[in-house]
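These notes are about the structure you will find just below.
The values are calculated or read from the model by the stated rules, or taken from the named source; none is laboratory data. This structure is a prediction, so every number in the text was calculated from the model and none was measured. Every residue, glycine among them, receives a Cβ derived from its backbone with ideal geometry; neighbour counts consider all protein chains shown. Protein only, heavy atoms only, side chains kept; ligands, DNA and RNA dropped before computing areas. Shrake-Rupley method; radii C 1.70, N 1.55, O 1.52, S 1.80 Å.
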Amino acid sequence: MDTMTKKLMSAVCAVAAVAFPPPGEAASVPPSVISAAVASWSQREAAEVLDALDTALGTYVDPEKGEAARAFTRANRARYLTLEDRVAFAGQLTTEVGAALGDKHFYIRATGPGAGVAAMVDPAARAAAEAAEAYGIASVRRLPANIGYLDLRSFGSTPESASRINAAMDLLQDTGALIIDLRANRGGGAAVMDALIGRLASSPIPRSVRLWRREDGGFDRQQPESAAFPIDRLYGRPVYVLTANFTISAAEAFAYDLQSAGRVKVVGETTRGGANPMNRPLHDLGHGLFAYVANGRSENPITGASPNGVGVRPDIPTQPEDALAVAYASALEDLPAAAPDTRLGGEVEMARADPEAQLRSSFDLTPHQVQGGARRVNEPRAAP
């Protein structure tokens, strides 16, 4: 993994992504809201948390799997009560109960007192946290040869976040191809997803239906709707989506629906496969622990499936650190012919001759940070 990607991943992995969105949205949170956890606690507190978790697992979207996870947790209760570190307790339950559920989106987070807790359970605090994170928009730029680049770290859940993503797309509207970087995206809410899919819907994009389990055990069916835009604001040129195993939740739902509709090419690594959503607050287990227990699942009308458990498989597999160079080189081949005696024609010619050099000039990278990526475009696709 190159230096740029190591810095990117370590910065994002150093913090947890937890919170809840308004009804009907997947869950995540900007990383700045997580406060330091207090580790020590008692067996009595651990027992109370396990009791609360047992109740929460009874509401899991798949009742059979939920009961299996409850049985597993009860069978291991004595062992969990011996864990004296609260953070280690949360981590072990996340790994083991998540495996029992077969759900890579399940987690338990330990927090300390302060604003971190408020941002996980209060919509106003969450909105403020989203704003402080620039609504997940890390970078918007024009790469050489007029290829757009959008680095999106989370999907905002507020009307303000939709407004900001539309502003970003306005800047990219006249590019000849677009790269959307989700390698460091941990998911989020529906507002940005609905807006961004709407901007990319030069032809209709069927959306995955969401099935929400109710308290009475029945299910409600929800059909997401992409935002509508006038034709002059629709982006109809080629789009590439960059992914990594780090990519999860709403980021997977976004990439999956667009890939299933044939609207984008996914470049990089298979995503995490934690795509079951939740449209309610995190479960407060007490003593500063909160659990994400999905009460929803999705079903794409084209595939009849979802990325949960399997992830979004790339159209062009490559290592995450190479994905940008691979997508850029491929996007260059998609560009329409430009007159060679124009400025744009000269840019395209130079970029096609040495795409890695053009990326280095745009990002001010050292040669080894993009080396080798462009060569992968012409390699045979690996078997799924």
**Message:** Every residue in the range 37-58 that is at pLDDT 95 or above and touching a Lys or Arg at 6+ places or on another chain (Cβ under 7 Å), please.
**Reply:** 50, 54, 57, 58
**Request:** Please specify each residue of the range 261-275 satisfying the condition of being within 15 Å of residue 304 (Cα to Cα) and buried (at least 21 other Cβ atoms within 10 Å of the Cβ).
**Result:** 275
**Request:** Would you check which residues across the range 279-317 are of a type in the set (Val, Ile, Thr) and either open to solvent by 10 Å² or more (accessible area, probe 1.4 Å) or in a strand (DSSP E or B) (or both) and list them?
**Result:** 302, 303, 310, 316
**Prompt:** Hey, among the residues in the range 260-299 that are modelled with pLDDT of 95 or more and of a type in the set (Lys, Arg), which one's nearest to residue 50 (Cα to Cα)?
**Reply:** 297
**Message:** Contact list please: Cβ distance under 9 Å, first residue in the range 238-265 and more than 15 Å from residue 178 (Cβ to Cβ), second residue part of a strand (DSSP E or B) and at pLDDT below 95, pairs at least six apart or on different chains.
**Reply:** 249/188; 250/188; 251/188
**Prompt:** So residue 19 fits all but one of (1) among the hydrophobic types (A, V, I, L, M, F, W, C); (2) modelled with pLDDT under 90; (3) farther than 27 Å from residue 151 by Cα; what number is the exception?
**Reply:** (3)
**Item:** Members of the range 58-67 found to be assigned to a helix (DSSP H, G or I) and either open to solvent by 50 Å² or more (accessible area, probe 1.4 Å) or in contact with an Asp or Glu (Cβ under 8 Å, 6 or more places away or on another chain) (or both), listed by number
**Value:** 63, 64, 65, 67
